[in-house]
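Written out below as structure tokens is the structure these notes cover.
The values are calculated or read from the model by the stated rules, or taken from the named source; none is laboratory data. Remember, predicted model here, so these are calculated numbers, not experimental data. Because the Cβ atoms are built from the backbone with ideal geometry, glycine has one as well, and the counts that use them run over all protein chains shown. The area values use the complete protein model at the heavy-atom level, side chains included, leaving out ligands, DNA and RNA. Shrake-Rupley method; radii C 1.70, N 1.55, O 1.52, S 1.80 Å.
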Amino acid sequence: MVATGAFFVAQASGANRLPKVRPATLLADTMRALSHPISLSGQVSADWNVARAGIRYPGLLQHASFRIWRSDQGLRVAEILPFGEHLVVAKPSVAWLWDSQTMTARRLASSNITTDGANFSPSITADPFAMARSVLNAVAPYSTVSVSGTATIAGHSAYLLNLTTDQRHTHVRRIVLGVDATTHLPLMFEFFNRPSGPPAVAIRFTSVSFHSVNPSLFSFTPPKHATVVPTPIFAGRALNNRPVARSTLTFGRGWRTVVAWKISRDLSNGAVDAFPLWNAVGSATEVTRHGKTWILGGFQALPRVERHVRNLP
């Protein structure tokens, strides 16, 4: 499932109402808010351009819309499709991936679920806050941080927090977060490949509520005639308890970080197709080394990502 979120031009209302804030303070507040359990529900939508940075001609603009429910009890994300539904339902003990078009339910064992049962989807994930936490943890220490203004996002006044890099050989040059002025949670994420022009990936809440979520939403029972497939998506060891995924290895630093996910052999065919946003912000590739199958992804050109294959165990 692709990342949740949305892209719309930020409205300027609220720009004169919010007090000034130091960029470092806002960044620290945002990372602190992302480290705590979050209860919310809302609608999100995502836009991304499938062309990689450096391609002369623009790629095809893709769009997806989602509903999301999140709390310390679990995560539920429903992709809104013209016909049917893609659903992710996760809690600390079990997770389900449901495709109503094929009537297939994939069950993940508790040992395969990471980060409180919510962040089992690699990097740019079904959970936008897990995505934000992972990206900020990686790039913030290597970024120039500024506040470029304010906006109204999903009815909430927000600061526009900019992170830029001088690191070479990274496709993503700038990230803009729309940080809610009250909760300090990022309600918008934009990834830019170039100094000017539209974002390569834009993720935005179109509506959001921070009220409690009914825990029953994080339970799932496959329909009577569904095909149920036990699915060990990930295997391996954690690395320094990082929140990207349990079976994760990382190489490089900052914006040049390359992440490797070990996956099961039975899901390896076409597994890169599960990471469509990488084509907009970097590269992803599937490799086999020593009989193990891996997905590698990063904000870099494919040859630079592939350099780390030799480091895989």
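Could you check region 204-214 and list, in sequence order, the residues that are in a loop (DSSP other than H, G, I, E, B) and open to solvent by less than 50 Å² (accessible area, probe 1.4 Å)? Walk me through how you get there before you give the answer.
First, pick out the residues of region 204-214 that are in a loop (DSSP other than H, G, I, E, B): 210-214.
The one that is in a loop (DSSP other than H, G, I, E, B) and open to solvent by less than 50 Å² (accessible area, probe 1.4 Å): Val213.
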TODO: Among what's in region 131-161 and is closer than 16 Å to His184 by Cβ and open to solvent by less than 10 Å² (accessible area, probe 1.4 Å), pick the residue that is farthest from the chain's Cα centre (by Cα).
DONE: Ala151
- [ ] Output the number of residues of region 140-160 satisfying the condition of being in contact with a helix residue (DSSP H, G or I) (Cβ under 6 Å, 6 or more places away or on another chain) and over 11 Å from Leu27 (Cβ atoms).
- [x] 1
Task: Val172, sole failed condition from (1) part of a loop (DSSP other than H, G, I, E, B); (2) modelled with pLDDT under 90; (3) open to solvent by less than 10 Å² (accessible area, probe 1.4 Å) - done: (2)
Open item on the list: Kindly evaluate Ala181 against the criterion of being over 24 Å from Gln300 (Cα atoms), open to solvent by 10 Å² or more (accessible area, probe 1.4 Å) and not hydroxyl-bearing (Ser, Thr, Tyr).
Closed with: yes
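Pull up region 289-309, narrow it to residues that are assigned to a strand (DSSP E or B) and open to solvent by less than 60 Å² (accessible area, probe 1.4 Å), then point me to the one that is farthest from Trp255 (Cα to Cα).
So the first thing to find is which residues in region 289-309 are assigned to a strand (DSSP E or B), and the list is 289, 292-298.
From the residues that got through so far, the ones that are open to solvent by less than 60 Å² (accessible area, probe 1.4 Å) too are 293-298.
On the way: Thr293: 24, Trp294: 21, Ile295: 18, Leu296: 15, Gly297: 12, Gly298: 8 Å.
Residue satisfying both the conditions and the ranking: Thr293.
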- [ ] Considering each of Leu217, Leu249 in turn, give the residue that is at pLDDT 55 or above, outside any loop (DSSP other than H, G, I, E, B), open to solvent by 40 Å² or more (accessible area, probe 1.4 Å) and not small (Gly, Ala, Ser).
- [x] Leu217
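For region 180-198, what are the residues that are at pLDDT 90 or above and over 15 Å from Val135 (Cα atoms)? Even if it seems obvious, please write down each step before you answer.
Filtering region 180-198 down to residues at pLDDT 90 or above leaves 180-192.
Within region 180-198, Asp180, Ala181, Thr182, Thr183, His184 meet the criteria.
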Open item on the list: Among the residues of region 95-122, what is the count of those that are outside any helix (DSSP H, G or I), open to solvent by 20 Å² or more (accessible area, probe 1.4 Å) and at pLDDT below 80?
Closed with: 2
- [ ] Kindly indicate whether any position in region 37-46 is open to solvent by 30 Å² or more (accessible area, probe 1.4 Å), of a type outside the set (A, V, I, L, M, F, W, C), at pLDDT below 85 and closer than 14 Å to Phe129 by Cα.
- [x] yes
